[in-house]
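Throughout, read-outs are computed from the coordinates displayed, never taken from laboratory work. What you see is a predicted model, and the numbers here were worked out from it, not measured in a lab. Cβ placement follows ideal geometry from the backbone for every residue including glycine, while neighbour counts extend to all protein chains displayed.
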């Protein structure tokens with residue numbers, strides 16, 4: 001089986017890249033999958049795992065457009081990869097969207113990008129509007145919406161967080 005590379009990428013910080021990366025690592029391991037976790041985010045919020053023979057290579061990235069992020073996007077264009085783009089429904093995320101989309105197109109990974117809404121309610125008006133904006137640019141977002149739970153921000157390993165991440169993994173990663 002060929003390894004899959006999963007890059008958690010957004011040029012904006014605070015959108016749950018690290019949270020999704022950490023919980024995805026835990027979730028994949030609970031499913032019996034082997035992972036390698038690399039952290040390119042200066043905040044170093046995730047648990048690093050080195051495993052050269054992993055099935056899944058996960059990459060947490062900085063919330064900025066860095067050389068390491070560019071290198072990852074270029075490498076992802078040539079690999080079995082998915083670019084997870086966590087995005088909120090806030091106005092600042094919308095301001096960054098055009099630049100972000102241009103970078104994904106520039107490095108040939110737009111078709112590998114999966115936009116995932118975070119920190120929002122699944123039935124909110126703002127979410128519906130943002131999904132429409134993505135659709136107008138040829139982007140379909142994941143059905144999964146990461147709720148704004150204290151469990152995530154406090155890194156609690158509860159049944160609810162495990163269920164949430166399992167739904168994310170099965171829709172977007174596997």
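Of all the options 31, 104, 127, the one that moves most in a Gaussian network model of the chain with Cα springs shorter than 10 angstrom is 31. Taking label points 7 Å from Cα along the Cα-to-Cβ direction, residue 133 and residue 121 give a separation of 1.9 nm. Computed extension gain for residue 157 through residue 80, at 0.36 nm per residue and net of the alpha carbon distance, reaches 24.8 nm.
Extension gain for the segment residue 171 to residue 55, taken as residue separation times 0.36 nm less the Cα-Cα distance, is 40.0 nm to one decimal. Applying 1/(1 + (r/R0)^6) with r as the Cβ-Cβ distance of residue 106 and residue 149 and R0 = 35 angstrom yields a FRET efficiency of 0.55. In units of the rule-of-thumb radius 2.2 N^0.38 Å, region 1-117 shows an alpha carbon radius of gyration of 1.00.
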